[in-house]
Amino acid sequence: MKELSLNVLDIAMNSVKARAENILIKLVEADGKLTLIIEDDGCGMSEETVKNVMNPFYTTRTTRSVGMGVPLLKLAAEQTGGGITIASVSQEDNPQKHGTTVTAEFYMNHLDFTPVGDMVSTVTTLIQGSPYIEWRFEHIKENGSVELDTRELREILGDVPLDNYEVIKWIEGYLREGYESV
């Protein structure tokens with residue numbers, strides 16, 4: 001993928017499909033390294049699925065026989081000298097505390113570092129497409145951060161849905177303004 005934001009979109013959609021109610025997307029830039037964390041409280045994966053998920057010819061989808069999201073993220077991280085880890089607890093193994101955390105590390109000074117891309121569009125697309133999920137977004141840079149928590153928005157908005165056009169435009173503007181200040 002040409003931008004990490006597209007990888008984020010793909011991996012976060014896996015969390016949506018896993019019936020997550022809360023999804024964290026966190027990027028931390030420090031000491032020449034970018035750490036990406038996507039964490040959810042979805043149905044989780046079995047140990048066998050976690051072992052196989054980085055294989056592009058393994059998928060749980062029935063519509064096609066390949067799954068490229070995680071393998072492409074892994075490739076992007078490894079090309080920079082970084083890597084990826086996946087921790088998951090399935091709902092069957094723990095009905096109360098289940099979910100998945102994908103962590104990828106990238107060395108930003110490496111020639112093969114993929115640009116972060118348009119995180120604003122990625123986050124607004126995710127919220128608009130799945131407004132019933134609680135989204136928390138954090139992009140921490142050395143000189144500041146951009147953050148958004150839909151729980152805070154719901155407190156202010158009351159019954160106004162997050163996928164309302166004006167709300168989505170506000171979210172987009174808020175995030176763009178945040179990126180302009182860091």
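Coordinate-derived values only; no laboratory data. Everything numeric in this text was worked out from a predicted model, so none of it was measured. As a convention, Cβ positions derive from the backbone with ideal geometry for all residues, glycine included, and neighbour counts pool all protein chains shown.
Diagonalise the Cα gyration tensor of region 96-182 and give the resulting equivalent ellipsoid semi-axes, square root of 5 times each eigenvalue, largest first, whole Å.
On the way: eigenvalues 132, 63, 29 Å².
That gives 26, 18, 12 Å for the three semi-axes.
Which whole-number percentage describes the relative contact order of region 67-141, with Cα contacts under 8 Å and a sequence gap of 6 or more?
26 percent
Would you kindly calculate the translational diffusion coefficient of region 38-182, applying Stokes-Einstein with the Kirkwood radius from alpha carbon pairs, for 10 °C and a viscosity of 1.306 mPa s, and quote it in µm² s⁻¹ without decimals?
Result for D is 91 µm²/s.
Considering only Cα-Cα distances, which of the following residue pairs are longer than 26 Å: 33/169; 17/51; 26/74? Display every interim value, and only then the final one.
Details: 33/169 31 Å; 17/51 19 Å; 26/74 17 Å.
Flagged as over cut-off: 33/169.
With a 10 Å radius around each residue's Cβ, average the other Cβ atoms per peptide and rank 141-147, 158-164, 78-84, highest first.
Listed from highest to lowest mean packing, they are 78-84, 141-147, 158-164.
If one computes the Cα centroid of region 166-182 and of region 109-155, what distance in Å separates the two points?
Comparing the Cα centres of region 166-182 and region 109-155, I get a distance of 10 Å.
Just want to confirm a number: the relative contact order over region 24-182, from Cα pairs under 8 angstrom separated by 6+ residues, in percent.
Reported as a whole number, the value is 24 percent.
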